1. For segment 472-490, which positions are buried (at least 16 other Cβ atoms within 10 Å of the Cβ) and either of a type in the set (Lys, Arg) or within 36 Å of the chain's Cα centre (by Cα) (or both)?
2. Applying the selection to segment 33-60, what residues are in a loop (DSSP other than H, G, I, E, B) and modelled with pLDDT of 95 or more?
3. Suppose the filter is among the hydroxyl-bearing types (Ser, Thr, Tyr), closer than 18 Å to ILE585 by Cα and more than 30 Å from the chain's Cα centre (by Cα); does THR499 pass it?
4. Taking segment 459-497 as the region of interest, how many residues are more than 30 Å from VAL612 (Cα to Cα), among the basic types (Lys, Arg) and modelled with pLDDT under 95?
5. Are any residues in segment 19-38 touching an Asp or Glu at 6+ places or on another chain (Cβ under 7 Å) and over 15 Å from ARG346 (Cα atoms), and if so, which ones?
6. Confirm whether LYS128 is at pLDDT 95 or above, touching a Pro at 6+ places or on another chain (Cβ under 8 Å), farther than 26 Å from ALA264 by Cα and of a type outside the set (Asp, Glu).
7. Assess whether ARG233 counts as being surrounded by fewer than 24 Cβ atoms within 10 Å (Cβ to Cβ), under 27 Å from CYS149 (Cα atoms) and out of contact with any Pro (no Cβ under 9 Å at 6 or more places or on another chain).
Amino acid sequence: MQFSPYHIRTMELKNRWIMLAAHTGFGEGNALGEREFAFYEERAKGGAAAVTMVLAVNEAGALKGMYHGDTLEQESLRTLAEKVHAYDCKLMVQLFHCGRNESGKNHGEKPLLAPSAVSSPIFRTEPKEMTAEELAETKEAFAKTAALCKACGVDAVEVSASAGYLLSEFLSPLTNLREDAYGYGTDKGMTYPLEVLQAVREAVGDFPVLVKVSGAQMVEGGYDLTDTIVFCRKARDWADGFTVTGGWHESPVEQISYFVEKGAYGPFAAAVRKYTELPVIACNRIQDRETAEKLLEEGACDLVGSARAFLADPYFVEKIEKEEIYNPCQGCNRCIMDVLKGKELRCAFCPETGREYMENQRRKIATRKEVLVIGGGPVGMYAAKKAAERGFVTTLVSQEETLGGQLHLAKLPPHKQDLGRFVEWLEHELERLGVHVLLGQKGDTDFVMEKKPYLTVIATGSSPVFPQIDGLEREKVCLAQEVLSMTQEELEVYRQGQTIIIGGGALGLETAAYLAEKVPGAKIKVLEQSSKMGAALGALARPLLRELKQAGVQLMADTTAVSAEEKKVFISLAGQTFFVQADHIITAAGAEAAPEPEIAMALMDERLSYAVVGDADHPADVGEGLESVFSLFSRFYLA
């Protein structure tokens, strides 16, 4: 069903897959350029029925790096529409106003405008309550920008009234404290958003107009699904359909990370579709063929939308139609975390995202020069992929018997199984590109010197660090990586007694989650010397910590393990020393680079080029390791 055609008013769609709006942050000035053209064109080539770009209706409503309609160079938008149309793909534009949802620093000297002077819990910048004049100007800006889009060959507009941005702020009693006709007390705050929709419709006439809504605010005291349905029913006079997402960015309930089941918010879309009888695009964690087909067949929606699946692999739709392997979105949220910080959009597992215009300038070279990659983890695999794409004869050597490195352990904690699919995709790419893979072969100095390649890429990863704690004996302690490698039978030892995990970073917390899942009821304490558990996880720490607490795991921040003895770990907490029972001790103290310096020295002696990438240079996450490889190969053969 997902590959059948559909239409919304005058817009004919070749299939049911819509690339949703995602703020890129690429804007410099107010004219779209080659970077935007290449970014959207690649997704149009990749099989999307429509791609959606974000356009602020005026400068006051724009996020950092966002184009805005009041001074947009119109020919640039017309060019984008033409480029997208060349691939039988439609261009939709989301009409956007940030409201209070932007940091004061990134917004510059412009005041943040909102229904009321209520700060966002994310950005904590108090906005300015909109005056009658500012309300009128903003409404007019929505209408003018919609008309501009129609004139420039855009196929549909989508009015943003979701996620905590301006129009949705009118719909919530938490953010709309006004006492005038636009206050929450008047028709539950729906008056102004509906007036905006009416103005947009009058400006574009017979032209597709969609509205993006959050099915519910999902914040205590906020609006619920019933309120959204009432709003959508009122909006039918001017709207042709709805894009239905989950809560707001500030909602305590996860919206789009790997903690959310695929298609989990489909019921919101189903309810809006049922009570409005208009076309609906379902959103949130719809990133595979099976989830999309299920939602469509069950009648939850008419179309399916995703932004991040198209970031991880722009040819996502074409590949699932052909049942080919694709690079799956990991739900890691690195993309949205960067955008909320005012940074450019990126995908942790696809460094090419946003750099398509750079890749298009490179050509595959005709050469017999060889690139040798040492290390079969994800960074080494990606290095081999990029070398082969540049045209080099490429060999990847790994002393392990399988490819994927530490991702085989990283995929084991709850919710992270899709990391295995990333490894499968890389294996497929190496085979497709003809990379020579040698497994069970140590890429030592003798091996490298025998080959003397044009370039050697050292991607040998990192090794676990064993913490230096008095009385802690290595033979009596398990590393977190060893626990993740255990069989279920071996894990049963943790069912009895107290387990102490030293280290409350990502590895320690995910090991605790794995152990709690495999051995329910196990008594687990996690010790972290800093004040924040899982700091490197960013916003993903919150749902993980919540799950650990629900599983009975005790989390002890600001706690330093100072010494150990038989079944005891002595800790420093608030300047006092205590001990905790420790029948089992697991360490998760991070990693150190394993760069194979003797190989580098031999290569330097022979004046042969080499590069150290990923963890072999310095321990980091997978995304940073892949980025180091992309940076390396970006310097090769710029045509």
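1. VAL477, CYS478, LEU479, ALA480, GLN481, VAL483, LEU484, MET486
2. GLY46, GLY47, ALA48, ALA49, VAL57, ASN58
3. yes
4. Selection size over segment 459-497: 1.
5. The answer is ASN30, ALA31.
6. So LYS128 fits the description; yes.
7. yes
Listed here are the residues, each with its yes/no results for (1) at pLDDT below 95; (2) part of a strand (DSSP E or B); (3) outside the structural domain of LEU174 (by TED's automatic domain parsing).
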residue: LEU91; (1), (2), (3): no, yes, no
residue: ARG100; (1), (2), (3): no, no, no
residue: LYS105; (1), (2), (3): yes, no, no
residue: PRO111; (1), (2), (3): yes, no, no
residue: PRO121; (1), (2), (3): yes, no, no
residue: CYS149; (1), (2), (3): no, no, no
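The values are calculated or read from the model by the stated rules, or taken from the named source; none is laboratory data. No experiment lies behind these values; they were computed from the predicted model shown. With ideal geometry, Cβ positions are generated from the backbone for all residues, glycine too; neighbour counts draw on all protein chains shown.
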